[in-house]
Amino acid sequence: MNARDPLWHSKPEIRSEPSADIVKTLSTATSTTPLRMSILATAAVSETTESRRSSTPSSVSSSSVLSQKYNDRVILTTYPGQNVANPIHLQWGAANPQERGPIVVSRNRETLKRRNAIGAHGGSYSFYNALAVAAGDLSRDFRPDLTNTQPTFDFPYQPTWGDPLKIVSLDPFGHDIVKHFGHHLQAGVDVRPSMAITRATMRVAEITDALRQKSLRVDGNIVLNDSGDVRVTKVAVDPVWYLPGIADRFGVDETTLRRALFEHTGGSYPELITRTDLSVFLPPVGGLTVYIFGPPECVSDPNVKLALRIHDECNGSDVFQSDICTCRPYLTFGIEEALKEAQAGGSGVVIYFRKEGRALGEVVKYLVYNSRKRSGDTADKYFQRTEAIAGVRDMRFQALMPDILHWLGIKKIDRMLSMSNMKHDAIVEQGIPIYERVPIPDHLIPADSRVEIDAKINAGYFTTGKQHSETDLKEIRGRGWQGWEDVVH
């Protein structure tokens, strides 16, 4: 059987049981791949389900609404050479956007055949887009009006934009598709930005405190007033993965990578298996935001000093100021130091990655918190509870993190506002030297977070202070839950 067989394309006959043709195919087609077998099985189940629904009055209205949005043929996957597979040319790593080509992933009617990438725009929000279509709030063929959405700063082209090994997790031309791919837009191709650049004024309570304490000054250009208003250039980035490059970064073959992504996302993206001619994947994961203090053009200037904070999301601390970790104190310290560098004529950059709970997620993080607090919460067992619950201690995989540094044109880091050995090693391995590493000052470390920071120092984090022995770690305890009501276990 092949993808052009009538069974693949035709509207299935409605009956109470799977059709004899499908049953026969499932039982006898020994040459059929496991993926196609699963697709055929899905079609068989769909026939039975649709038959049962057809006997209810509501199925008439449901079918009517469905037919208005979609035709009768459900395309579960595609194969190279099909008439629904005529992708626009895409050459990752080409030196300019015209040679590289746009990234096209939309499944709307005008663009479906021209797709040259797998997945969907919007990262983790792509499913909300689908819900909006299902609810009738959004047309399935909606195309955005991009008038006046162009970047507020024209970042200069960097040689790394055309290097297929330096940037593998974002689209280097995704910030200005109107300029780069306007002719495709005019031809009706649904090309969409995967990056956006804007400017803003921000205010952080700790920066206002620093002004009151005279550790930071108002200059009227970067720090605007005593209230702590700060000028900032912001860059939002959704992930765009070049699969051969991703595989190379992690030291695995591309086939294994594709299979793992397919299997462990519930089989959500079968084209990872069937479309080996498509090398770009837009995964449903969080992106990042760059905050630039001072003139953006200074970021890539090797003659200008750069202070950098790489920060991974921690909602509990960053937003709600939980004191069980050092995340917010280190983040705000990084912002203050970045501002000072910019005021001194250099450049300050903070990059915020959506990797909640070391990319294990907030549910896992809270489970770990419970287990830690009920087990005595000592530094020597800090990582053990995470590994017992999640299987690993960390899934942030910093190997992809330096891509945004390459895109910004950063060639060296004068002051790295991070203690993480993983971040340091990932950056240095990408050929970007770090001249100074700046740990969080002791007075900013909350008492309950000593467990976290001392355990991390023992595991390899940089410090200019004391390194504790294993015996010491057993005596470093977090706050208990004494006096708090808890359920009996």
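Read-outs: derived from the displayed coordinates by stated rules, not from any lab. These numbers were taken from a predicted model, which means no experiment stands behind them. Positions of Cβ are generated from backbone atoms using ideal geometry, with glycine treated the same way; all protein chains shown enter the neighbour counts.
Can you figure out the FRET efficiency of Asp163 with Trp484, using R₀ = 56 Å and their beta-carbon distance, to the nearest 0.05?
So the FRET efficiency works out to roughly 0.55.
Using the Kirkwood radius over Cα pairs, work out the Stokes-Einstein diffusion coefficient for segment 274-323 at 25 °C and 0.890 mPa s, in µm²/s as a whole number.
D = 161 µm²/s.
Based on Cα positions only, what radius of gyration and what Dmax would you give for segment 105-244, in angstroms?
In order Rg, Dmax, the Cα atoms of segment 105-244 give 19.7, 61 Å.
As I understand it, the value is the acute angle between the Cα axis of helix 362-374 and the longest principal axis of the Cα atoms of the chain; what does it come to in degrees, rounded to 10?
That helix lies at roughly 50 degrees to the long axis.
Charges at C-beta only: +1 for Lys and Arg, -1 for Asp and Glu. How large is the resulting dipole of the chain about its Cα centre, in Debye rounded to 20?
On the way: 57 positive and 58 negative charges, 121 e Å.
So the dipole magnitude of the chain works out to roughly 580 debye.
Take peptides 125-134, 413-422, 455-464, 306-315 and line them up by average Cβ neighbours within 10 Å, highest first, as a rough protection proxy.
Going by the mean number of other Cβ atoms within 10 Å, highest first, we get 306-315, 413-422, 455-464, 125-134.
Hull surface divided by four, with the convex hull built on the Cα atoms of segment 268-375: how many nm²? It would help to have the intermediate numbers written out before the result.
Values: hull surface 41.8 nm².
In nm², the orientation-averaged hull projection of segment 268-375 is 10.5.
Counting only C-alpha contacts under 8 Å and six or more residues apart, can you give the relative contact order of segment 135-234 as a whole percent?
Answer for segment 135-234 is 22 percent.
Helix 327-343 sits at what angle to the longest principal axis of the chain, using alpha carbons and giving 0 to 90 degrees rounded to 10?
70
Between helix 254-263 and the chain, what is the angle of the helix's C-alpha long axis to the longest principal axis, kept within 0 to 90° and rounded to the nearest 10?
80
If I compute mean projected area of the Cα convex hull in nm² from the structure I just sent, which labelled value in (1) 39.8; (2) 24.4; (3) 28.8 lines up?
So the calculated entry is the one marked (3).
Below 8 Å between Cα atoms, with a sequence gap of 6+, how large is the relative contact order for segment 205-320 in percent?
27
Dividing the convex hull volume of the alpha carbon atoms of segment 328-440 by its residue count, what do you get in Å³ per residue?
Working: hull volume 13.1 nm³, N = 113.
Expressed per residue, the convex hull around the Cα atoms of segment 328-440 is 116 Å³.
Just check segment 118-176 against the gyration tensor rule for me: Cα atoms, a ≥ b ≥ c as the square roots of the eigenvalues, rounded for a/c under 1.5, and otherwise prolate or oblate depending on whether a/b exceeds b/c.
On the way: a/c = 3.79, a/b = 1.78, b/c = 2.14.
Because a/c hits 1.5 or more and a/b fails to exceed b/c, segment 118-176 counts as oblate.
Counting alpha carbon pairs within less than 8 Å and at least 6 residues apart, what relative contact order, in whole percent, applies to segment 74-114? Intermediate results must be reported in sequence, preceding the final value.
Working: 34 pairs, mean separation 15.0, N = 41.
Relative CO of segment 74-114 lands at 37 percent.
Considering the options His184, Pro446, Gln213, tell which one lies farthest towards the positive end of the dipole of the chain, charges being +1 on Lys and Arg and -1 on Asp and Glu at the Cβ, about the Cα centre.
His184
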